[in-house]
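Everything below concerns the one structure shown next.
The values are calculated or read from the model by the stated rules, or taken from the named source; none is laboratory data. Just so you know, these numbers come straight off a predicted model, no measurement behind them. Please note: Cβ atoms are built from the backbone with ideal geometry, for glycine as well, and neighbour counts cover all protein chains shown.
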Amino acid sequence: MSLTLRDAAAAMSEELTALSGGEQATLIARREISPVELVRAYLARIEASDDTLRAWITVDGERALAAARTAESEIAAGRYRGALHGIPYGVKDQMHAVGFPTTLATRVLDPEEMVAPHNAAVIERLDAAGAILLGKQNLHEFGKGGTIDFPYGQPRNPWNPAYSASSSSTGSGIAPAARMCTFSLGEDTGGSVRGPAAMNGVAGLRPTYGRVSRYGAVMEAYTTDTIGPLARSVADIATVLGAIAGHDPRDPLTSPRPVEDYAAGLGRPLKGRRLAIVREIAWGPGTTDEVKTVFAAAVEVLRGLGAEIEEVSLPLALYAVPLQLLSTDADVAATFVKKYLRERYERFDTGTRTRLAASSLIPATVYNRAMRARAIVRQQVLDAVRRYDALIGPTMIRPTKPIEQEQEKVESSDEAVMRLMERRIGVYPFSLANVPALSVPMGFCANGLPLALQFAGKPFDEATLLNIAYGYEREAGWWRQLPDLERTLAPMAA
């Protein structure tokens, strides 16, 4: 390829991947661009930057291109399936996809244990919508956070690769932020969709527990785990949720409630919407001054759109962190202790095995009391969300840190408590309550790293959250900001 043609191809890749999924879908439907062009553009970006960012574990370019050619032929023949037809995506490597290993980002499993027995329900539904799976994305070991040595490479933040990309669904946050796919699917136990969305500068939704089938995904914390989308725009989140939501008899915990047309109500005015700032999250002592300042500016944007904003206190929210760790970590440990933790202890990452070994020692009496206390905290959250259209606060109460600082040893119990709270207090109350929660970009801190605003709402009222977040996103405009990979990756290559 000549230099001129190579430059033209690079320019085309930049142009296509800078578009939102909705914009891409419009051009595909008009046959102004081809799904093949779009897949090639993303594969080029993966090849150029993933050696550094490590968003992906497995990518199958040939399979994706074959699916793109099929989509192109279908659309040319007038069989357009809708807004996801021909749109490339990736999934956290915690969901089965036939033809891809399910590695769970661990050294614990043998190769034969990684063979996907079938597709996850969410992948079946995206296949039916015509979306194109590029591959499986990096994560903390078994999707539970705290990994120190990543078997498939250290995930890095596209805004500054020296910084953390958050926990668990890391690759699923990095990939759409770095324009390696249009959207991702992650899994959220205590914030593992919203945290990576917040720290990588994209939108991420934790749906109501039971809104999306978990069939075909490795879900160990059965009382809390959910699957949710991450994308650069709220409109894309709405489109993906519409495709993956709904009852599935193979997952008895999914709800039979009808799936709404989430995209249809995005543009409704926000005038008269009642929002409440969660005092303990937004203005708490652990929230940095920088986050408070940026959050206050986001509140003024919402006020300018006509929202009525009050404050609400959730005094029990602080207890959500220890209570969820005492219960969901015990659930996870119960999955692994008999075979893997006992027989393959040395294969685990140090961070994971320490967490699981400690959790496996939680007495049944303590677990029982934690579950009972969870119900009390959950009720306080439910009482609040029923009084308002949404509760709001920063998704993360402090900016992301350099990777080396995130992995430093904790020297005291006080420091351990501080670390647990600062990473989790913004997200755990809504996970514990199993209500929907949506994170969107709200600006940047002084060093250029993203900060995020979270909306939490009534169970199964994702439509309202999406409407409010969409209005804020369009007015604030942060979603159009993209990391300059050529600049940020240059120091890593030097």
What are the residue pairs meeting all of these: first residue in region 211-228, first residue farther than 10 Å from Ser192 by Cβ and free of Cβ contacts under 8 Å to residues at least 40 places away in the same chain, second residue buried (at least 24 other Cβ atoms within 10 Å of the Cβ) and of a type in the set (Phe, Trp, Tyr), Cβ atoms under 7 Å, and 6 or more apart or on different chains?
none
Whichever residue in region 229-259 is among the small types (Gly, Ala, Ser) and touching a Ser or Thr at 6+ places or on another chain (Cβ under 9 Å) and, among such residues, is surrounded by the most Cβ atoms within 10 Å (Cβ to Cβ):
Ala231
Any chance Gly86 is in contact with a helix residue (DSSP H, G or I) (Cβ under 6 Å, 6 or more places away or on another chain), surrounded by 23 or more Cβ atoms within 10 Å (Cβ to Cβ) and assigned to a strand (DSSP E or B)
no
Would you be able to say whether some residue in region 299-316 is touching a Pro at 6+ places or on another chain (Cβ under 8 Å) and over 30 Å from Ala373 (Cα atoms)?
yes
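Per-residue answers, yes or no, for (1) basic (Lys, Arg); (2) more than 16 Å from Gly146 (Cα to Cα); (3) assigned to a helix (DSSP H, G or I):
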position	(1), (2), (3)
Glu311	no, yes, no
Leu318	no, yes, yes
Gln324	no, no, yes
Asp329	no, no, yes
Val332	no, no, yes
Ala358	no, no, yes
Leu361	no, yes, no
Ala375	no, yes, yes
Output for region 436-448, where each listed residue is among the hydrophobic types (A, V, I, L, M, F, W, C) and under 24 Å from Thr189 (Cα atoms):
Ala437, Leu438, Val440, Met442
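For (1) over 13 Å from Cys181 (Cβ atoms); (2) small (Gly, Ala, Ser); (3) surrounded by fewer than 21 Cβ atoms within 10 Å (Cβ to Cβ); (4) in contact (Cβ under 8 Å) with a residue 12 or more places away in the chain, each residue gets a yes or a no:
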| site | (1), (2), (3), (4) |
| --- | --- |
| Ala25 | yes, yes, no, yes |
| Ile28 | yes, no, no, yes |
| Leu38 | no, no, no, yes |
| Ala41 | no, yes, no, yes |
| Ala48 | yes, yes, yes, yes |
| Leu53 | no, no, no, yes |
| Trp56 | no, no, no, yes |
| Arg63 | yes, no, yes, yes |
| Ala76 | yes, yes, yes, yes |
Across region 428-450, which residue is surrounded by the fewest Cβ atoms within 10 Å (Cβ to Cβ) among those that are in a loop (DSSP other than H, G, I, E, B) and more than 15 Å from the chain's Cα centre (by Cα)?
Ala446
Please give the number of the condition Ser166 fails out of (1) closer than 26 Å to Gly426 by Cβ; (2) at pLDDT 95 or above.
(2)
For region 214-229, indicate whether the set of residues that are at pLDDT 95 or above, over 26 Å from Asp329 (Cα atoms) and not hydrophobic (A, V, I, L, M, F, W, C) is non-empty.
no
Name the single residue, out of those in region 451-490 being without any contact (Cβ under 8 Å) to a residue 24 or more places away in the chain and of a type outside the set (Gly, Ala, Ser), that is surrounded by the fewest Cβ atoms within 10 Å (Cβ to Cβ).
Arg487
List, please: which pairs have Cβ atoms under 7 Å, are six or more places apart or on different chains, and start with a residue in region 301-323 that is within 19 Å of Ala433 (Cβ to Cβ) and end with one that is surrounded by 13 or more Cβ atoms within 10 Å (Cβ to Cβ) and of a type in the set (Phe, Trp, Tyr)?
Ala320/Tyr428; Val321/Tyr428
When you scan region 157-174, do you find a residue that is within 21 Å of Gln405 (Cα to Cα), surrounded by 24 or more Cβ atoms within 10 Å (Cβ to Cβ) and either basic (Lys, Arg) or free of Cβ contacts under 8 Å to residues at least 24 places away in the same chain (or both), even just one?
no
